[in-house]
Amino acid sequence: MFAAESHTGRHHIAIVAMACLCVLLGGPSCAAGAESLFIAGATYREPGVSGPGWSWTDAGHLELDGYAGDAIGAGGDLVVTLVGQNSVTESHAPDADITL
């Protein structure tokens, strides 16, 4: 019985070690975020900016709170939080890649 428990413990240690190695080597990460943001006709290269009804708080997060404006795009992954009523006007967006 002791040998089985030891084997299981080593298995968990190996999984944790592989996960840490992936993080250290730059494996897939949800925290990478966007390198740029296109919103309301303007392009921003760094987070920490905001405008009427929106706030790009960090590279991976955009909050819309009462936004009513033109298209929104990002150079990279971006999580969008919707608060209240928001509307985006775009008549044609051929390059849209939206994951819900």
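Bear in mind these aren't lab numbers, they're just calculated from the coordinates by the rules spelled out. Please read all numbers here as calculations on a predicted model, not as lab measurements. Note that each Cβ is placed from the backbone with ideal geometry, even for glycine, and that neighbours are counted across all protein chains shown.
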Note, the stretch 44-55: 3J(HN,Hα) by Karplus (6.51, -1.76, 1.60, θ = phi - 60°), whole Hz, Gly/Pro = x, goes 10, 9, 9, x, x, 10, 8, x, x, x, 8, 8
Arrange the peptides 37-49, 66-78 so that the one whose residues have, on average, the most other Cβ atoms within 10 Å appears first.
66-78, 37-49
Charge context of Thr57, other residues only, Cβ under 14 angstrom, K/R +1, D/E -1:
-4
For Gly75, the residues 5 or more places away or on another chain with a placed amide H closer than 5 Å to its own amide H are Glu35, Ser36, Leu37, Phe38
With contacts defined as alpha carbon pairs under 8 Å and 6 or more residues apart, what's the relative contact order of the stretch 34-89 in percent?
35 percent
